[in-house]
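The values are calculated or read from the model by the stated rules, or taken from the named source; none is laboratory data. All values reported here derive from a predicted model rather than from experimental measurement. Cβ atoms come from the backbone with ideal geometry, glycine included; neighbour counts cover every protein chain shown.
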Amino acid sequence: MRKLLWFALFASALFASCQQNKDRIVAQVYNHKLYASEVRALLPSGLPTDDSLAFASRIIDSWISEQIILCEAEKKLTMREKSFQKEMAEYRNSLIRSKYLEKLTSDTNLFYVSDEEVRAVVSQARTNYVNEKEIVRLNYVKVSDNSPIKEKVREILFDEDRRMLEKDRLAELCADSIEYFIDDDTWLFWDDIQLEVDIDLKVPNGTFSQPQYIEKSSGKSCYLIVILDYKSEQTGADSRDYFESVRTMLIQKKKTEYINKTIDELYQKAEKAGKVAR
């Protein structure tokens, strides 16, 4: 009975303020408060009420844990230990760079890929669309072993709740990675992943009730991989998914080439103007 009462009060606090001007507090740690509007902003749209409440409960539990740790850290760390000017500058530069590249590639017409271009690539690879091949859905990020974003990317990528909630944050961080793929819906051939990720990965086994997390090093690089689903038999519908995944990769390739070309032109312009010194 007590649990049901708490559940009802929680639902009321979370959703009642939709019809009221007052924003209700749903959690508090010392002087820090979490409001219903902040939780609602993080909820995926279209979820049934029970699922939304369960999701909201996880958000609140995570927030409480984080606030407890932060409050303790504030007390125990010195001012020097809490100074992150260098890290903040690096993070700001990362965000600015990411936002600029996003703006640079915002005109999708520049990176249009026709069906003919996709067919040409598939034909060259001699891929049979309807074939018994392993296919996977996955996220992966390739970073250098000493990359400053490596730990933060791992924290988000290897936590399923955070991976779903912080997709935009993950995309921002990945702007400074060597390469990445964080599309949850695209099916890819496992053989193609083996070629893309130049390390020996074993074909996943078993059912996928939970994602599989893999961290592999190759030379001076590190791959952080989340395998979301796996099928050992290709179907006609999966073939279309693969066709579209090839288009996605070609679009990304065009974007990368365009970015590299623009950066090269900017470098030459700055060098010509005497703004670059070695």
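Search region 55-91 for residues being in a helix (DSSP H, G or I) and of a type in the set (S, T, Y), and hand back the single one that is modelled with the highest pLDDT.
Filtering first and then ranking leaves S65.
Assess whether S94 counts as being in contact with a Cys (Cβ under 9 Å, 6 or more places away or on another chain), closer than 25 Å to I225 by Cα and at pLDDT below 90.
No; evaluated as a whole, the condition is false for this residue.
What about K269, is it at pLDDT 85 or above, over 15 Å from D185 (Cβ atoms) and either surrounded by 11 or more Cβ atoms within 10 Å (Cβ to Cβ) or hydroxyl-bearing (S, T, Y) (or both)?
Judged against the criteria, K269 is a match.
Restricting the first residue to region 135-161 and requiring it to be not assigned by TED's automatic domain parsing to the domain that holds E244, which pairs with a second residue that is assigned to a helix (DSSP H, G or I) and crowded, with 16+ Cβ neighbours inside 10 Å meet a Cβ separation below 9 Å and a spacing of at least six or different chains?
none
If you scan region 113-136, which residues turn out to be out of contact with any helix residue (DSSP H, G or I) (no Cβ under 8 Å at 6 or more places or on another chain), at pLDDT 85 or above and in a loop (DSSP other than H, G, I, E, B)?
Hit for region 113-136 is S114, nothing else.
Quick one: would you say I69 is under 27 Å from S37 (Cβ atoms) and among the β-branched types (V, I, T)?
It is true that I69 is under 27 Å from S37 (Cβ atoms) and among the β-branched types (V, I, T).
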